[in-house]
Amino acid sequence: MKVALKVNGVQRHVDMAPLARLLDALRGPLGLTGTKEGCGEGECGSCAVFLDGVPVNACLVPIGQCDGCEVVTVEGLAAAGHLAPLQACMAEHGGAQCGICTPGMLIAAEALLRRNPDPTPVEVRTAIAGNLCRCTGYERIVQSVLHAAHELRSTEKGAAE
Amino acid sequence: MLAAERVNHRYEPVALVACADKAKLARAVAAVTLDIEPLPAVFDAEESLLGRTVIWGESNVQNRYLITKGAADADDGEAAFEAALRACDVVVRGEYSTHHQEQLYIETNGMVAWWDDDGVHATGSLQCPYYVHKAFKRCFHLEAEQIHITQAVTGGGFGGKEEYPSLIAMHAALLAKKSGRPVRMIYDRVEDFEATTKRHPSRCIVETGCDADGTLRALKMRVLMDAGAYVTLSPVVLSRGVLHAGGCYRWRDVRIEGVSVATNTPPNGAFRGFGAPQTTWAIERHLDAVARRLGIDAGELKRKNLLAEGDSTATSQVLHGSLGGAECVEKAFAASDYVAKRRRGPIVEGRKARGIGCSVFMHGGGFTGSGERMLKGKVAVDLLLGGRLEVRSASTDIGQGTETIFAQIAADAAGVSISAVSVAVPSTTRVPDSGPTVASRTVMVVGSIVERAAREIAERVEAVRRAGESFAAAGDRLLAQEGPQTALVQYEPPAWVNWDDKRYKGDAYPVYAWMVDVAEVEVDLDTFETRVLEFWSAADVGKAIHPLMCKGQLEGGSLQAIGWALSEEVVWKDGAIVNPRMTNYIIPTALDAPPFHTILVEAPYAHGPGGGAKGISELPMDGGASAVAAAVEHAIGVAIDHLPLTPERLFAAWARSNSEAAQ
Amino acid sequence: MSLVDLPRYEFARPATLDETCAMLAEREAKREKTVLLAGGTDFMVQVSQGKLASDPLPLVVDIGRLDELRGVRLDGSRLRIGAAVTYLELQRDPIVREYAPLVAQMTHDIGGPTIQARGTLGGNLATASPAGDGIAAIAAYDPIIEVQSVRGRRRIPMAELQTGYKATTRAGDELIVAIELPLPAHGAAWCWRKVGTRLAQAISKVALGAVAEVSGGKVGRIGLAIASVGPTTSLLPRTRALVTATPLANLTAATVDAVVAEDVSPIDDVRSTREYRVHTAKAVVRGFLRELGAPV
């Protein structure tokens, strides 16, 4: 089945079985390996991407449903060669150890901060509750997101003033 | 590598199939039928120990260890020890058990292998490239230079990628050889869960004798571990288990017996802690019981008996220096207000009960006894143009920060900026064998030779440097004049380390890291769900080269211990795993995890790099479970000695104790 | 991934509900299997485990974007929820939050944010798992499930929908279109209590949806439903009868426990035990009744 979709702002095309997973489309013909597979059953969240603005598990979305859709992956969170504040904070504040859960965490955290620029720690934990991490104990991930939220708010304030 | 006449566990590999077309491969696998005659099987360690059905060796027993001290060292040691134990004021006996745990790294095991004119190549998710290298030498009868093993970026290991990757790599290489094509073998989650190694289940029987005032005297322990169908790492896991069985306490008389037996389950293997979490669970829960019997607080009992300068351990190792345990107790108790909260008793509000509990523990860094001497771990540091250094070691970064910390150590030792240091990808073609990335040895042992090698390079440059000349210019001149500059350094354990492998006595580890956990929990009196509300810990890490990463290790390990305690459970039926998926193997989410308050304590280790760093990555795994169990006991008055503390088990234990109370 | 069959699944995206019903009727007549796909959070897991494989393979029909299955509407005292509205949309919908807070609350306990973004009540009802949290929440309202086929629209009361484990009275060519909740009086008490394997991304061990209108110390209307305590969602008929027949002050823990025990029939499984589920079902029902003022 021929599917046309926008990926990270660029119009792309794939030709795959309609039930092939969006995850396999991304990691295969679309050449974007930032999105990871940890469980293949929608439990770990390491395959999270934005689909039409909403965070979803790419392992649970058939490519056949993606025709005409817009997908944003971790590669699309910042311009090439740059780190978005969320990404920089994750690196700086110990939010990433082995890094396998990090792309999915970033998508979940980005989704949160777009709607809620000043989250509480519990709100952060709720937003990333579908992203399993085995390395960090989550504490530093939560701190990283809070730091990024603060930084983004300061930038906004600075820009406004 | 492949089962020949006997299949000894449900997930033992029997045949290998490869194909370029994934769909065709799936059809081929589905078309394979196995003609297998069932044999009597044993799935339980206690049953195996009885030896009625022999499935391994003569008696199913793979290894035994015996640690003795004091009265137990006498000629009639066993009788003398019994007498000493019975002569104590208060004797307490208990049984404690722990269950399988799956590492559940978020990236599964996988390897890619291919052959070319240079020999055989394998790249994959692994912890120990030279383990795979060694396996290939034996399996394919090749010379060292013909084998090229490289670590790919690895999404978590925790011990689960210490030995198993060798098997996958050999499988892929065999298929690659036969097919003449590169072969990729990546386990899906179900395969990984079913076939790869897990934490050894254990059953400990503990009997202690102490004075009426709580001074500990005699410790008797029997440690039984379930090895699974093959030996693999079980002797070493059992060894570390028994070596940590005395906890961090002073004992006058000790008799610790360890035994590992085979069962028809997938071989168990390395998982953070490596035997110590199992015996630490037993000794900590046991001392909680002793404290209850004596009517004193468990934290006070543990603090009172803590090993200090000049004291000797259960293996008669006399401890000198780098003993931060007491400071950890003080700081963890202060931060959590443990003493006052314990004294106040459980707080019941509506249908919720809150309690607090602690654990105190230590973990030996590096390989036991003469292990490091036998390993002869090596590291190379090269001087490159422009004053740059490259660190070449076999230590892998699996999330614990090896790459960053080695760069820090080298930069500091050489007096250069960290941006001038690169750490080579661990490939056996390029890096020397530094020993495996296990046993909390990467920073403490391998880091110390990174430090020496970097210092050596810097000294060479300094020797030729002219006044006012930069390091880079002097280095370039040195290279131009004398050719490539490499410092190759081999690890030398401290000379005073004296370990008797036959009697299992002496300096088991050159140094121990210390930790105290305090957990505050809330138990729902209707559903028996346990929430860890807060978690404090203080850990003596020797020297925190990267404080943030240190805390990250302590917190990550603590959450793995909490998961092991409260929700993780491998469910078996006739030697098959019923829940080999993330859906039904329950690790904590961000909502289940408590906020962690982590305090770093520094009691530097004289031989540790960066000013005295000790190995700490396994340490946090040892104590989290017993801190949580102690807190649950404080909250609802039910003492659980067998993991996991699922709501179902807590409910059953509470119902039992309620009906006993009624009677 | 069950890669054996992946390429061979046929996939259809009908543009309208009528087109979909025609397709279903035609295939039903020829005894050809069809699977309806909306959010895919159950479906894709079943595909990857090879559980949907049949010979011949079913036709997969994508209905997630059909306009007729979307939208949330208040019709007097009835709340109408389109079968393909996602949990996330329900969570954010001001009408649902105001008039069916039990449903809004339940959505927070479904998986995690990424599952909530795709999962639907229609899907939950179609999968008909007894562990379905969505079903338990709406069942407390005694809803009408609207299904459509070439024969027209049919309204199935919840109590008549489930016949056994993953079996319903929905015909093979009927499509769930909407869920209609007869709303309780404004200010009615409600409760959503899920006891899962962990606090997120969890399958329920016991999940209670409850709604009650209380006046003068007596319960008028009551709706109760518990997930994971039997082959179907338990609607607790005896418990409902006891609670409506007895003034709240006269209820006792023992009498409540007795009827709940009769109303549920859980099993031991990989996640929990029969004893625990019975105990917890009693405890969460008593918890709700205590909120209403009963001394249980």
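The values are calculated or read from the model by the stated rules, or taken from the named source; none is laboratory data. All of these numbers come straight from a predicted model, not from anything done at the bench. Using ideal geometry, Cβ is built from the backbone for each residue, glycine included, and neighbour counts are taken over all protein chains shown.
Some observations on this one:
- The residues in segment C:1-55 that are of a type in the set (S, T, N, Q), within 14 Å of chain A (Cβ to nearest Cβ) and either in contact with a Cys (Cβ under 9 Å, 6 or more places away or on another chain) or without any contact (Cβ under 8 Å) to a residue 40 or more places away in the chain (or both) can be counted, and the count is 2.
- In the set (1) among the β-branched types (V, I, T); (2) buried (at least 24 other Cβ atoms within 10 Å of the Cβ); (3) touching a strand residue (DSSP E or B) at 6+ places or on another chain (Cβ under 9 Å), the condition left unmet by B:I106 is number (3).
- Strands (runs of 3 or more DSSP E) lying entirely in segment C:57-102 (those with 1 or more residues that are at pLDDT 95 or above and more than 20 Å from C:G40 (Cβ to Cβ)): C:72-75, C:78-82
- In summary, helices (runs of 4 or more DSSP H) completely within segment C:224-296 and bearing 2 or more residues that are within 26 Å of C:T197 (Cα to Cα), touching a residue at least 60 places away in the same chain (Cβ under 8 Å) and not assigned by TED's automatic domain parsing to the domain that holds C:A128 occur at C:274-291.
- Elements of type strands (runs of 3 or more DSSP E) in segment B:136-235, at least 2 residues being within 29 Å of B:R293 (Cβ to Cβ): B:202-210, B:216-228
- In this structure, B:Y65 does not satisfy being crowded, with 21+ Cβ neighbours inside 10 Å and either part of a strand (DSSP E or B) or among the aromatic types (F, W, Y) (or both).
- Any hit, segment A:62-75, residues being within 9 Å of another protein chain (Cβ to nearest Cβ) and among the polar types (S, T, N, Q): yes
- Qualifying residue in segment C:95-108 (condition: facing chain A (nearest Cβ under 10 Å) and more than 21 Å from A:V61 (Cβ to Cβ)): yes
- Of the residues making up segment C:40-56, those that are of a type in the set (D, E) and either under 16 Å from A:Q65 (Cβ atoms) or assigned to a helix (DSSP H, G or I) (or both) number 1.
- Looking at segment B:563-663, the helices (runs of 4 or more DSSP H) lying wholly inside it that each contain 2 or more residues that are among the aliphatic types (A, V, I, L, M) and surrounded by fewer than 24 Cβ atoms within 10 Å (Cβ to Cβ) sit at B:647-662.
- Applying the set (1) more than 14 Å from chain A (Cβ to nearest Cβ); (2) under 18 Å from B:P436 (Cα atoms) to B:N109 leaves exactly one unmet item: (1).
- Looking across segment B:369-388 at every residue that is assigned to a helix (DSSP H, G or I) and out of contact with any helix residue (DSSP H, G or I) (no Cβ under 9 Å at 6 or more places or on another chain), the one that is nearest to B:A472 (Cα to Cα) is identified as B:R373.
- Any hit, segment C:134-148, residues being within 14 Å of the chain's Cα centre (by Cα) and within 25 Å of A:F50 (Cα to Cα): yes
- The requirement of being under 25 Å from the mean Cα position of the chain (by Cα), of a type outside the set (A, V, I, L, M) and part of a strand (DSSP E or B) is not satisfied by B:C328.
- Of the criteria (1) within 9 Å of another protein chain (Cβ to nearest Cβ); (2) more than 12 Å from C:T114 (Cα to Cα); (3) assigned to a helix (DSSP H, G or I), which one A:Q97 fails: (3)
- In summary, B:G623 fulfils each of the numbered conditions (1) more than 15 Å from the chain's Cα centre (by Cα); (2) farther than 30 Å from B:V450 by Cα; (3) more than 9 Å from chain A (Cβ to nearest Cβ) with the single exception of condition (1).
- Any hit, segment C:110-126, residues being within 14 Å of chain A (Cβ to nearest Cβ) and surrounded by fewer than 23 Cβ atoms within 10 Å (Cβ to Cβ): no
- One residue alone among A:A4, A:A88, A:A80 is in a strand (DSSP E or B), more than 13 Å from chain C (Cβ to nearest Cβ), surrounded by fewer than 18 Cβ atoms within 10 Å (Cβ to Cβ) and of a type in the set (G, A, S), and that residue is A:A4.
- Counted residues, segment B:289-308 - those being touching a Gly at 6+ places or on another chain (Cβ under 8 Å) and among the acidic types (D, E): 1
- In segment A:122-143 there is no residue that is outside any loop (DSSP other than H, G, I, E, B), away from chain C (no Cβ under 12 Å), within 22 Å of B:G552 (Cα to Cα) and under 11 Å from the mean Cα position of the chain (by Cα).
- The set of residues from segment A:28-61 being surrounded by fewer than 24 Cβ atoms within 10 Å (Cβ to Cβ), within 14 Å of chain B (Cβ to nearest Cβ) and small (G, A, S) comprises A:G28, A:G34.
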